[in-house]
Each structure stands twice: as C-alpha cells, then as structure tokens.
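The values are calculated or read from the model by the stated rules, or taken from the named source; none is laboratory data. All values reported here derive from a predicted model rather than from experimental measurement. As a convention, Cβ positions derive from the backbone with ideal geometry for all residues, glycine included, and neighbour counts pool all protein chains shown. Side chains included, ligands, DNA and RNA excluded: accessible areas come from the protein's heavy atoms. Shrake-Rupley method; radii C 1.70, N 1.55, O 1.52, S 1.80 Å.
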Amino acid sequence: MTRPSRRSLEQRLAEGVVIGAEGYVFELERRGYIKAGPYVPEVILDAPDALRQLHREFLRAGSDVMVALTYYAHRDKLRDVGRDGELEPLNRQAVRIANEIAAEGDALVAGNICNTWSYDPADPHVSGAVVRAQYEEQLGWAVEEGVDFVIAETYDHLGEALIGLDVCKQLGLPVMVTFASVQPERTYDGYGYVEACRILAHEGATIVGLNCSRGPETMLPLLEEIRAAVEIGVAAQPVPYRTSTTAFESLAGFPIQLEPHQCTRFEMADFARRARDIGVDYIGICCGGGPHHVRAMAEALGRDTPASRYSPAIELHPVLGGAEHELMGGWRAGE
Ligand SMILES: [Zn+2]
C-alpha cells in the first residue's frame, strides 16, 4: 500500500488544524462538466484537465488535502447514467489525478466514499452487504492507486457509516467519517448526531464530524456538542450558504439556484476562526464552495497560501479599507 504524502494525517492533526476543500461536484457542474440531477462525476473521464485544474485551485488556495472525486462514483450511480462498465477506470483515474496534483504541494490524498442510496435501515443485513461490496470495490482500487486516508461522508444513517468505517479499518486506512445532518437532531436511523459520532469514535474512526447540508450558522452549535463528546479529531465542512433552518436542502432554489443564499468569503473566514476556537481539527467547505472561500479560510487560520499573492488589496477597498478616493480606480475597474 502506498501513502502518497510524507506527512501523515495523524502527524498534521498533532501539529494543528488540517484544511480541507470539497464541493467538486457542485463547482464542476457550474463549470459545465457534470450534469445536475444524477451528479455523477463523468468529468473524470470526459474532461480530466478540468478536474486537474480545480484540484490545483484548491491546492493553491491552501487545502492540505486533495480529495479523489469518487463521490457518487459507485456502481449504482454509474448505472443510472449507463456507464457502469467504466466504473473501474473512473475510480482509478480520480485517485490518480488527486495524487498527481497533491504531489505539486505535498498535500494528503483522500479516497472518498459516501452514502450510496442502497442502504435500507429496514433491511440492514441484505442492503448492508450491497453497500459493503460497493465500498470494497471502490476502496480496493483507491488503495492500489495510493491514498493517505479515506473520507467516508455525508451519511444519513449511522448503520451505513459504520459499514464505511469497517471497510476502511480492514484496509488499514485512517478514516474521517461525517454525517450530512439534514435533520435537526437525528440520523434517519434514529441516532442523535452527537451519539452517532461517539459510536463511530468508539469503533475506531480517526476523525468524526459533519459536512455538507448545514451552513456555518446551523453547523456550529452541533459541532460544539460533538467536540465535547469525543476525544478524537472533529471535522467541519459546511456548505457556504446561509441556512436559517437546519440544512440547505430546504432552501428555495436548491440545488441549482442557491446563489441568493451564498456566504461571502469573509463569512466563511469567520466560520473557520470560530470552528478553530471551539476545537475543530479539520476545517473545510462543501458544496457551493470555491477557491476564494478556501483561501480566505486558510488565511483566517494563519496560512500564507500560494494564491495569497493575489489576495485582495483590502487597504485599497473603498469601504473595507477606508481608502482615499483616488486609490479606488482598481476596484472600480474590476466592477
Ligand atoms: Zn456537499
């Protein structure tokens, strides 16, 4: 088994916050490379340079992790778009591309599995076996191509999350397991999110937490409870949207006209600081996030990123920087 990075996830966590960046599917949909609806990452095979470019943008913006774009790249989803025959090349190429770009900046490479829609809590044994087979297949290829750890994410059911964790443990891979937390308090199989994280920690997860679904305001209170409940790393990757209720799935316009609810880079930078202050160890962003958010978050956490060379000249901004009138030309020109 190859671990691409010289510094492991555990080493980095011991040194401070690890910065993540996701939302590849949403961003590549906006750029015209993934179809909204099925959201299958066909871009991996159809336009690999578009994927390379987005990885590179997140890397330049300060992400410590290149997440292989194998979200929804499992057998069921590929069948939906008639491409299940390309399952293996698609999964392998996604991990290979993540490795290629991670090497440009000594980033970690994360394999990625997620909720499958195959899991049925009313029939956990039969449906669980289907889920397990999909994870073993995906992660088998990921391990051969080289990953440092796995992000098993956006779970709605603790039962399915435990299967993901178990497959990673059997492969000897550190794993971050996260819930989507669509509902106010409980997973769809009836566990409080805090209790579900505690169980995953007890079962050997490296990091537990939340990603997707919630924006900063609705994610932070739950994060504080999770932080208090577990001894291991805690992850937070909210969507950059102003979720007044629990989750962005309930916002008008979900999922392809969410722009009116978008958080600014400054709001996401503020989230990063607040998450760090309550003791969150892995801070990132999910669907809707762009490289400008990631850079602002990384800078809020004290990083100087490759893209920081072009960070805003705030001192020249007419309002934010209180600049003199004659210095505003650049900002006006950029309007
Ligand atoms: Zn997401």
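Quick rundown of the values:
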| quantity | calculated |
| --- | --- |
| For GLU153, residues with placed amide H under 5 Å, excluding near neighbours | ILE113, CYS114, ASN115, THR178 |
| Relative contact order [Cα under 8 Å, 6+ residues apart], the chain, whole percent | 18 |
| Neighbourhood net charge (14 Å Cβ-Cβ; Lys/Arg +1, Asp/Glu -1) for ALA252 | -1 |
| For the stretch 252-327: rounded, prolate or oblate by the Cα gyration tensor [a/c cutoff 1.5] | oblate |
| Shape metrics for the chain, restricted to C-alpha atoms - Rg then Dmax, Å | 19.3, 70 |
| Distant-in-sequence amide H partners of GLY233 (H built 1.01 Å from N, under 5 Å) | VAL208 |
| Local net charge near LYS77, Cβ-Cβ under 10 Å (Lys/Arg +1, Asp/Glu -1) | 0 |
| Per residue solvent-accessible surface (Å²) - the chain, probe of 1.4 Å | 41 |
| In sequence order, calculated HN-Hα J values of the stretch 87-101 (Karplus, 6.51, -1.76, 1.60; Hz; x Gly/Pro) | 4, 5, x, 5, 5, 5, 5, 4, 5, 4, 5, 4, 5, 4, 7 |
| Distance from the stretch 246-298 to the stretch 154-220 (C-alpha centre basis), Å | 19 |
| Contact order relative to length of the stretch 1-131, as percent, for alpha carbon pairs under 8 angstrom and 6 or more apart | 27 |
| Square roots of five times the Cα gyration tensor eigenvalues for the stretch 88-195, Å | 26, 16, 11 |
| The chain: angle of helix 193-202 to the longest principal axis, Cα-based, in degrees nearest 10 | 60 |
| Per-residue ³J(HN,Hα) for the stretch 142-150, Karplus 6.51 cos²θ - 1.76 cosθ + 1.60, θ = phi - 60°, Hz, x for Gly and Pro | 4, 5, 5, 7, x, 9, 8, 7, 10 |
| For GLY288, distant residues with modelled amide H under 5 Å away | PHE26, GLU27 |
| Order by protection proxy (mean Cβ within 10 Å, highest first), peptides 142-151, 59-68, 301-310 | 59-68, 142-151, 301-310 |
